[in-house]
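Each remark here refers to the structure printed beneath this line.
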Amino acid sequence: MSYVFIVNKTKGSNLGNADVADSFFSRFKGLMLVKNLERGLILKLPSDRSQRASGIHMFFMRIPLDVIFADSDKKIVDTVTLDPWTIYTPVAPARYVIELEKGKLAESQTDIGDELDFTCETA
């Protein structure tokens, strides 16, 4: 798994480093059972995912997360803070689901409609 640096281009703020989960298994495992979040996680979803199929669950999670849902242009379509053992479906389909330490959304002043910058392609 590779990792990238995420920037909120709209606000000029940094969201930090994140690993990239771009395979079925890496997306399935996600951050389950993680006790301390060293860096976030970007779930790169298949391009044909619907709104409902862009949803996530927090089963087997040990920590709350700030979650960003972004479209293929890396524009934020939804954000939410989730506690362990909850389920959430975004208001619009997402190509990227970005899981960050709770508090990152407020700290970076990240909102729906903001544009992000990161690269998920690996060499």
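The values are calculated or read from the model by the stated rules, or taken from the named source; none is laboratory data. Note that the coordinates shown come from a computational prediction; the quantities given were computed from them, not determined experimentally. Cβ atoms come from the backbone with ideal geometry, glycine included; neighbour counts cover every protein chain shown. Accessible surface is based on the protein model in full, side chains and every heavy atom, while ligands, DNA and RNA are left aside. Shrake-Rupley method; radii C 1.70, N 1.55, O 1.52, S 1.80 Å.
Regarding the range 49-61, can at least one residue be identified that is open to solvent by 30 Å² or more (accessible area, probe 1.4 Å), in contact with a Leu (Cβ under 7 Å, 6 or more places away or on another chain) and either of a type in the set (Asp, Glu) or at pLDDT 90 or above (or both)? Checking the range 49-61: not a single residue is open to solvent by 30 Å² or more (accessible area, probe 1.4 Å), in contact with a Leu (Cβ under 7 Å, 6 or more places away or on another chain) and either of a type in the set (Asp, Glu) or at pLDDT 90 or above (or both). Can you tell me which residue is farthest from Lys9 (Cα to Cα) among those in the range 76-105 that are free of Cβ contacts under 8 Å to residues at least 40 places away in the same chain, open to solvent by 10 Å² or more (accessible area, probe 1.4 Å) and outside any strand (DSSP E or B)? Out of the qualifying residues, it is Trp85. The set of residues in the range 62-73 that are open to solvent by 40 Å² or more (accessible area, probe 1.4 Å) and either among the basic types (Lys, Arg) or under 10 Å from the mean Cα position of the chain (by Cα) (or both) contains only Arg62. The residues of the range 8-21 that are touching a Ser or Thr at 6+ places or on another chain (Cβ under 8 Å) and open to solvent by less than 40 Å² (accessible area, probe 1.4 Å), listed by number, are Asn8, Ser13, Leu15, Asp19, Val20.
Quick one: in the range 8-38, of everything that is out of contact with any Asp or Glu (no Cβ under 9 Å at 6 or more places or on another chain) and at positive phi, which residue is modelled with the highest pLDDT? Going through the qualifying residues, I end up with Gly12. Could you tell me which residue of the range 106-123 is surrounded by the most Cβ atoms within 10 Å (Cβ to Cβ), considering only residues that are small (Gly, Ala, Ser) and not in a loop (DSSP other than H, G, I, E, B)? The selected residue is Ser108.
Among Asp48, Asp73, which is the only one that is assigned to a loop (DSSP other than H, G, I, E, B) and free of Cβ contacts under 8 Å to residues at least 24 places away in the same chain? Full working, then the answer.
Numbers: Asp73 fails: free of Cβ contacts under 8 Å to residues at least 24 places away in the same chain.
Matching residue, one of Asp48, Asp73: Asp48.
The set of residues in the range 107-123 that are among the aliphatic types (A, V, I, L, M) and in contact (Cβ under 8 Å) with a residue 40 or more places away in the chain contains only Leu116.
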